[in-house]
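Undergrad: Got a structure for you, written out below as structure tokens; questions coming shortly.
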Amino acid sequence: MTFSIPRYAPGTRTAWLAFLCLLPLLAACDRGPDDGGAGRHEVVRLDRLQPLPGRMRGNNARPFRMAVAAMLSPEGNLQAYRDLLQYLGQRMGRPVELVQRRTYLEVNKLVTDGRVDLAFVCTGAYCQAAGEHRMELLVVPQVGSKVTYRALIIVPAASGAKAFRDLEGRVFAFTDPLSNTGYRYPRRVLAEMGRRPGPFFGRTLFTYSHDRSIRAVAEGLADGAAVDEIVFERLAKAEPALAERVRVILRSEEFGIPPVVVPASLPDVEKSRLRRLLLALQDDPEGRKALKALGVDRFVEVDPALYRVPCQEPREERCER
């Protein structure tokens, strides 16, 4: 089962914008193949959302559920995480479900309510929930020997914008209200300028995934966007022609990379088992295959202090306008 991310011809600005807003609700991910037990994985369709049942006792009483924040579109998430789902299901002897939701906040709620067992979340989303002590850092991905990443401010390649100030009065694409790179960072830049998003930009929109933000800029539907460096570089390798249609005008400082988290209510024995499985992925051929699909070198443990800077809220109360 494969998915391709749709591409759009120039001149379809109005129709594409409408589609962009509806896509998170309409995206359909088909149920995976059922092999009757270990290794089986399913996908919860975003157009058929239903409440998840509460936690049940017993290791095999229900499938192992893993949530993935929509840093990529649903199609991209399914392709990237399929091998990991299969690996975890086989090692745990349980069916596994991939759970997706439209926004970071919805995924956070699944974690903090204990409705999923493991989640890949955005850095900003982790910051939002970590202070409530209902979400715990498990491990983080290491990419290119780094456990940090940057936010990128991008514009169309033909744009005359050379600095962030040049985007005043323009259309700007945010990713998600809880996104560190796609929302918190540009707000922080504006706060340092003594400005707020509303008065500064002519119009703003939320795309709810970094790949959609990149495409919005490439297609000329937005004059600028704030995106995740890792997603940008991965998409640039897959589609060089797309990368040539955008230009980076600003790079942030280094932030703690989007982490892997668990509900604080998850039993310690389950937390330890999941940590061991993820830390040992690079030692197993099937595990290395899953890491390659994710674009990750390995998973490692880090000090939660790595997230101190991105978890600081922009001081917008000091803004003059």
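The values are calculated or read from the model by the stated rules, or taken from the named source; none is laboratory data. Computed from a prediction, not measured in an experiment: that's the story for all the values here. Reconstructed Cβ throughout: ideal geometry from the backbone, glycine too, with neighbour counts over all protein chains shown. In case anyone asks, the SASA skips ligands and DNA or RNA and just uses the protein heavy atoms, side chains included. Shrake-Rupley method; radii C 1.70, N 1.55, O 1.52, S 1.80 Å.
Undergrad: Would you mind stating whether R275 is open to solvent by 50 Å² or more (accessible area, probe 1.4 Å), at pLDDT 95 or above, assigned to a strand (DSSP E or B) and not hydrophobic (A, V, I, L, M, F, W, C)?
TA: no
Undergrad: From the list E253, E229, E233, E286, exactly one residue is under 17 Å from the mean Cα position of the chain (by Cα), among the acidic types (D, E) and open to solvent by 40 Å² or more (accessible area, probe 1.4 Å). Which is it?
TA: Going through E253, E229, E233, E286 in turn, the sole match is E233.
Undergrad: OK, next. What is the number of the single condition among (1) in a strand (DSSP E or B); (2) open to solvent by less than 40 Å² (accessible area, probe 1.4 Å) that L266 does not meet?
TA: (1)
Undergrad: Further, regarding this structure: Restricting attention to the stretch 111-129, which residues are open to solvent by 10 Å² or more (accessible area, probe 1.4 Å) and touching a helix residue (DSSP H, G or I) at 6+ places or on another chain (Cβ under 7 Å)?
TA: T112, Y126, C127, Q128
Undergrad: I've got another one for you. Evaluate the following for V121: is it within 17 Å of the chain's Cα centre (by Cα), farther than 22 Å from L242 by Cβ and modelled with pLDDT of 95 or more?
TA: So V121 does not fit the description; no.
Undergrad: Conditions first: (1) of a type outside the set (D, E); (2) assigned to a loop (DSSP other than H, G, I, E, B); (3) open to solvent by 30 Å² or more (accessible area, probe 1.4 Å). G198 passes all but one, so which condition is the exception?
TA: Going through the list (1) of a type outside the set (D, E); (2) assigned to a loop (DSSP other than H, G, I, E, B); (3) open to solvent by 30 Å² or more (accessible area, probe 1.4 Å), G198 breaks only (2).
Undergrad: Let me ask you something else. For the stretch 289-308: of the residues being in a loop (DSSP other than H, G, I, E, B) and open to solvent by 50 Å² or more (accessible area, probe 1.4 Å), which is modelled with the lowest pLDDT?
TA: Looking at residues that are in a loop (DSSP other than H, G, I, E, B) and open to solvent by 50 Å² or more (accessible area, probe 1.4 Å), I get R308.
Undergrad: Of the residues that make up the stretch 130-146, is at least one within 14 Å of the chain's Cα centre (by Cα), surrounded by fewer than 24 Cβ atoms within 10 Å (Cβ to Cβ) and not in a strand (DSSP E or B)?
TA: no
Undergrad: Starting from residues that are outside any strand (DSSP E or B) and among the small types (G, A, S), keep the ones in the stretch 228-263 and report whichever is nearest to R215 (Cα to Cα).
TA: Residue satisfying both the conditions and the ranking: A243.
Undergrad: Restricting to the stretch 163-195, and then to whatever is hydrophobic (A, V, I, L, M, F, W, C) and open to solvent by less than 10 Å² (accessible area, probe 1.4 Å), can you tell me which residue is nearest to T148 (Cα to Cα)?
TA: If we take residues in the stretch 163-195 being hydrophobic (A, V, I, L, M, F, W, C) and open to solvent by less than 10 Å² (accessible area, probe 1.4 Å), then F174 is nearest to T148 (Cα to Cα).
Undergrad: I would also like to ask the following. With the checklist (1) modelled with pLDDT of 90 or more; (2) under 18 Å from K146 (Cα atoms); (3) surrounded by fewer than 14 Cβ atoms within 10 Å (Cβ to Cβ) in hand, flag the one item V260 doesn't pass.
TA: Among (1) modelled with pLDDT of 90 or more; (2) under 18 Å from K146 (Cα atoms); (3) surrounded by fewer than 14 Cβ atoms within 10 Å (Cβ to Cβ), V260 violates only (3).
Undergrad: Hey, another quick one. With (1) more than 24 Å from Y307 (Cα to Cα); (2) open to solvent by less than 10 Å² (accessible area, probe 1.4 Å) as the list, and H210 as the residue in question, which single condition is left unmet?
TA: (1)
Undergrad: Still on this structure, please answer the following. Could you tell me which residue of the stretch 170-229 is nearest to A69 (Cα to Cα), considering only residues that are in contact (Cβ under 8 Å) with a residue 60 or more places away in the chain and basic (K, R)?
TA: That would be R212.
Undergrad: Could you figure out which of (1) modelled with pLDDT of 95 or more; (2) under 24 Å from the mean Cα position of the chain (by Cα); (3) not in a strand (DSSP E or B) isn't true of A173?
TA: Against the list (1) modelled with pLDDT of 95 or more; (2) under 24 Å from the mean Cα position of the chain (by Cα); (3) not in a strand (DSSP E or B), A173 comes up short only on (3).
Undergrad: When you go through Y87, Y81 one by one, which is the residue that is out of contact with any Ser or Thr (no Cβ under 7 Å at 6 or more places or on another chain), modelled with pLDDT of 90 or more, not in a strand (DSSP E or B) and not β-branched (V, I, T)?
TA: Y87
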